[in-house]
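Here is the structure we will look at, set down as structure tokens.
The values are calculated or read from the model by the stated rules, or taken from the named source; none is laboratory data. On a predicted model such as this, the values are computed, not experimentally measured, just so you know. In this analysis, Cβ positions are derived from the backbone assuming ideal geometry, glycine residues included, and neighbour counts consider all displayed protein chains.
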Amino acid sequence: MSATADEPFLQAKGVAKSFAGIMAVHHVDIAVAAGERVGLIGPNGAGKTTLFNCLLGVVPVDRGVVQLAGEDVTRLPIHLRARRGLGRTFQRIELFAEATVREHLLIAERTRRGDGALWKDLLGRGRPKADEIERCDHILGLLGLAELADAPSEHLSLGQGRLLEVGRALMTEPRLLLLDEPSSGLDHDETVDLGRTLRDAQIDRGFGVLLVEHDVEFVSDFTDRCLVLDAGRLIAEGPTGEVLASDAVREAYLGTMGTVA
Amino acid sequence: MLLGASAGSDLLRALVQGTPAGTVYALLALGLVLTYKTSGVFNLALGAQAYVSAALYFQARVSWGWPIIPALLVSVFVLAPALGFVLERLVFRHLRSASAVAKLVVTIGLAVALPAIFDLALGFHSIAGQTPVGIIPGGATVFYNPFGVYALSRNELMAVGVAASAMAGLAVLFRYTTVGLHMRAVVESPRMTELNGIRSDRVSSFSWALSSLFAGMAGVLIAPRFNTLAAPDFFNLVVIAIAAAAIGMLVSLPRTFAGGLGLGLLIAVFQTFLPRWSDSLPWLATVRENLTPAMPFVVLFAVLVLWPAIRRSRAASDPLAGVEPPPPAPAATTRSRGLTVATRVFAVVFFTVTGLVVFFRADASWMFLVTQAVILSLIFLSITVITGLAGEISLCQGTFAAIGAFASFQLVTHLGMSVLLAALVGAVIAAVVGAVLSLPVLRLGGIWLSIATLAFAYFFDSVMVKLSWVGGGKQALAEGTRLPRPLLGPFNMNDNRTFLGLSIILLLIVAFAVVRIREGTVGQTLRALRGSELGAQSIGISPARARITAFAISAFIAGIGGALLAIQQQNVNYSSNFSPFASLFWLVLVVSLGSRTVEGAMQAGAAFGLFDAVLLKGAVIGWLLRSPARIPSVFPLSGTWRFVLFGLGALQFARHPEGLVENGKRGATEAVDRWLAARRERSPVVERTTEPETAA
């Protein structure tokens, strides 16, 4: 681990984004250090997904700056942010159809190495090498997917698909992994399993995590620090336990629950 | 001819002159927008529908001697809506959840097949130089001369009147009738509309019938402008209509109408003023004859590339699209080891025997056809790369091939370069053009990418080919675009047998390279992108770079194949080999036989070169009966059949994107494997099955 908690890996300053005149994200500052586990919670429509997309480059910000390891990446496209160490998973899983589990990791490994010249393919050097397969299988073992290495990704359950996304992201050696509602669509036991596996992998690899999540239990188990977003603004920030117990957070959640009901 | 002295009256003249064509373009564009709005289908077969009505009208009037009214009723008001209705019922209703690109391919298949089916069914042959008749007696005579600047014929005035009343009728329909309200609702959300108790498929049928009626009307109205009734001209019309529809963003009917009319006027204005401008701007002089017909394609390309809003309009598809399972893996990856070996042995034996027969027994004409099949297989591998690997539908592969061919011709003629080297350089030039073209086009994605490639193909066809540094200009018109056969060491390629050998070797090299690309990093990257663009970007894959690579590789392969085809025929023969319509037929052929595999491309090449001679002319039956004299008299069948068969074959692209042959192969493989498995455990199976039989 190169970065310490003092110098944040991901830093967003004054990020704002509106859609058709409605402010989805309102001047938000966040900072996440490499190796840190941070939660991002908030009621429906709080702007979590929009903020996430702004950090990743899926949508352009209206105002503000996004930095990775001190470098301004506000204008960089998704894939260049990914190459600078920003990994992610998806709420609705985005796997590569027609590829096996191991192939998902192999292509990520190739992309990380930047080792994809056409002439190498033409000379037959495009096939996976032993050390690449070994690296992939190591990660698959870490995530408990080793036995499924040759299975088509369509055969995976939703939970396994999520883990495969984590594995694919890990192959790029991310400094920070953005997890987008990893528990959605999973039942309680599956969520607990996923959390345990993620935690083991995180300790083993030392990447940072920014977790967007509805499941408060998951967030309190998994993260040390927590940010709360409501109506596009950051309303609370601090150690997870304290934040979840605070009045402001309860109000934000119960308030919207009241209006929804 | 009246020609005003001032530019003002010239402008007026151009506007009057352009109005009839403009209203007909608008009519077609409305037909296009109607089906796009209500069923998400971007219907490239609309021109074929227009052709069918125009041809039936022509046939009824000229060959059967019908009066105008019944001919018009049957061809436009009965046949056209019925055709639209049938297409929706039989084809598009079942494709609701298919991707927009899959639907586009299906309409291309129909664009190829429909005119052919019609020609076969009615025995219709368009006769060169026989001008189609209009829908008013004495249509070609002058009827009205507004402002004294341009004399409108009765036909032209009729076109304006009919198109304007059709537009007015459509406005009334949308605003004041229940079905119009339903149509607007279906556009917003088919599923919501159904939940409100409206049968959205009925609305969809209605829009198809209406769209087809508009197409038929446009076909009959525009026909008198052509010297000869021919299906490709009507396809050109659709490309113009697409430009108009793109101006209307594919949603706004009034803007679409204005777009069509505007294009007609713009073309007329250019026709009037371009010669004058080119007096002062010399560089215009070389393109001035060609820029006018190219205007719609230039406008279309410009709208697509420069109008950012158009990209956002691509979301018009069923909300359930995308939940379809991906196509199954190719048969070759699932079959058992023994079967794989058996297949390979069979293939090697089959090709060796065929090769030997062709090499030592075939006469010159068969040798020519086989060589052509080999070269086309090579060209079709470019479709394997762009469509099979990258998942993009390119409609300008013929243009890439033509660039390779023309470049070799120019290099050999002007620089005296050796032919094979010129072919290689030509392919590199094609690759560069492919890469450059892909830069603006790639941001479009989906069907707009395909439409932009189509616009490029037509632009090349109407402007570039006529430039002397591309197509050879006047000199080439007189002498042809000649290319010699190469001499390679001791091998003289003027010998057809040696040239066939060279073609086979090149095909094998390219096929081998395509397999390696597919299995290598480039292929895996493209596959990842096709599987999930967001997922691929999240691990650092650059979509633009990967797709530019795919375009460049594909254009390179097409370019080298195009050069080879020109060398075989010792002439580029642009219009018979590489026209935009040829690109469409190639795509349809490869897609219907299998765009995902190298074998698919080879089967398509064989089908292109040999289908006519072997099956349609009955050579196989003659060979089986051991005498050409015994070939039944139904042979030779018309060559039109191949358009019917492969066009209809492309209809299954939405269901089986892997292609017919691949699909059949997988079925056969599974059947054989099941049979083998059953044999292995035969004895217990037999005992168990005999029991119920005796009981019964």
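For this structure, a couple of remarks:
- Selected residue (criterion: nearest to residue B:519 (Cα to Cα)) from residues of region B:560-599 that are surrounded by 24 or more Cβ atoms within 10 Å (Cβ to Cβ) and in contact with an Asp or Glu (Cβ under 6 Å, 6 or more places away or on another chain): B:594
- Strands (runs of 3 or more DSSP E) contained in region A:1-60 and holding at least 2 residues more than 22 Å from residue A:222 (Cα to Cα): A:10-19, A:22-32
- Residue match in region B:508-523 (condition: assigned to a helix (DSSP H, G or I), among the aliphatic types (A, V, I, L, M), closer than 30 Å to residue A:84 by Cα and assigned by TED's automatic domain parsing to the domain that holds residue B:404): yes
- Taken together, the criteria exclude residue A:79 from residues that are within 11 Å of chain B (Cβ to nearest Cβ), at pLDDT 90 or above, in contact with a Phe, Trp or Tyr (Cβ under 8 Å, 6 or more places away or on another chain) and crowded, with 17+ Cβ neighbours inside 10 Å.
- Subset of region A:218-243 [out of contact with any strand residue (DSSP E or B) (no Cβ under 7 Å at 6 or more places or on another chain) and under 17 Å from residue A:52 (Cα atoms)]: A:230, A:231
- Selection within region B:529-562 - at the interface with chain A (Cβ under 7 Å from one of its Cβ atoms) and farther than 17 Å from residue A:105 by Cβ: B:534, B:542, B:549
- The set of residues in region A:106-140 that are more than 9 Å from chain B (Cβ to nearest Cβ) and within 18 Å of residue B:534 (Cβ to Cβ) is empty.
- Some residue of region B:154-175 being of a type outside the set (A, V, I, L, M, F, W, C), touching a His at 6+ places or on another chain (Cβ under 9 Å) and over 13 Å from residue B:35 (Cα atoms): no
- Selection of region B:473-495 for residues being under 20 Å from residue B:371 (Cα atoms) and surrounded by fewer than 17 Cβ atoms within 10 Å (Cβ to Cβ) yields B:482, B:484, B:487, B:488, B:491, B:492, B:494, B:495.
- Qualifying positions in region B:493-507 - of a type in the set (A, V, I, L, M) and either facing chain A (nearest Cβ under 7 Å) or not in a loop (DSSP other than H, G, I, E, B) (or both): B:500, B:502, B:504, B:505, B:506, B:507
Matching residues to (1) touching a Pro at 6+ places or on another chain (Cβ under 6 Å); (2) within 14 Å of chain B (Cβ to nearest Cβ); (3) small (Gly, Ala, Ser):
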{"residue": "A:145", "(1), (2), (3)": "no, no, no"}
{"residue": "A:148", "(1), (2), (3)": "no, no, no"}
{"residue": "A:151", "(1), (2), (3)": "no, yes, yes"}
{"residue": "A:175", "(1), (2), (3)": "no, yes, no"}
{"residue": "A:178", "(1), (2), (3)": "no, yes, no"}
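- Of all positions in region B:445-453, none carries a residue that is more than 19 Å from the chain's Cα centre (by Cα) and either assigned by TED's automatic domain parsing to the domain that holds residue B:586 or among the aromatic types (Phe, Trp, Tyr) (or both).
- Residues that are touching a residue at least 60 places away in the same chain (Cβ under 8 Å) and surrounded by fewer than 19 Cβ atoms within 10 Å (Cβ to Cβ) within region B:409-419 comprise B:413, B:418, listed in sequence order.
- Qualifying residue in region A:14-24 (condition: in contact (Cβ under 8 Å) with a residue 40 or more places away in the chain and within 13 Å of the chain's Cα centre (by Cα)): no
- Exclusive hit being at the interface with another protein chain (Cβ under 10 Å from one of its Cβ atoms) and over 18 Å from the mean Cα position of the chain (by Cα), set A:103, A:71, A:94, A:7: A:103
- Some residue of region A:82-89 being closer than 26 Å to residue A:184 by Cα, in contact (Cβ under 8 Å) with a residue 60 or more places away in the chain, touching an Asp or Glu at 6+ places or on another chain (Cβ under 8 Å) and polar (S, T, N, Q): yes
Results for (1) closer than 16 Å to residue B:77 by Cβ; (2) free of Cβ contacts under 8 Å to residues at least 24 places away in the same chain, shown as yes or no for each residue.
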{"position": "B:194", "(1), (2)": "no, yes"}
{"position": "B:206", "(1), (2)": "yes, no"}
{"position": "B:225", "(1), (2)": "no, no"}
{"position": "B:228", "(1), (2)": "no, no"}
